[in-house]
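What follows is one structure encoded as structure tokens, with my remarks underneath.
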């Protein structure tokens, strides 16, 4: 969620291309006119009001299933908000792009059916406070969906990630490669529904779903 130096946001008014997840982790959200397999699995089964942290370029708004009636993208950077806002009126769901910090967003408690993180938990200021805020805005039994890179299970690689993390964070929009978001999600009181681990460009990743407490 780091800003890109430019005088004005790019014109996304005719964007139907591959889109981008986050500018600090440039992954496509679409292949042709379909969501990528990762984005499709991230969105599968979502309904109602969904809040996603991190706007990317806004093309991800076109990837939500029709059962989602409202989408709220939370993006602290004004440049990226302006970029994503150009896509908000091009989807059938009610869509908005709002400012806010991932640890504090102006939404009512229990007002959302799902919260989505896609390559953003690595750069939030505090995993604990970020996930506490997700739990606050989710209704009881609401879904937490996440697609993130994670600390390697290889001790040597994990040590390397920890050593480079301070410098890497400064150069890559706050990204911290040594984080363990899965442990943090469980510690925040969520119950894991499913979790897939895989590698992308030799980096460990997870894609999963968790449920907020019933009350």
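Side notes on the structure shown:
- In terms of the mean number of neighbouring beta-carbon atoms within 10 Å, the peptides 192-203, 46-57 order highest first as 46-57, 192-203.
- P(r) weight above 14 Å for region 75-149, C-alpha pairs, percent: 66 percent
- Which of 122, 63 has the fewest Cβ neighbours within 10 Å, and the rest in rising order: 63, 122
- Alpha-carbon centroids, region 42-57 and region 83-144: separation in whole Å: 8 Å
- Put simply, when 32-44, 125-137 are sorted by average Cβ atoms within 10 angstrom per residue, most first, you get 125-137, 32-44.
- Length-normalised contact order of region 76-144 in % [C-alpha pairs under 8 Å, at least 6 apart]: 33 percent
Coordinate-derived values only; no laboratory data. From a predicted model like this one, the values you see are computed outputs, not experimental measurements. Cβ: placed from backbone, ideal geometry, glycine included. Neighbour counts: every protein chain shown.
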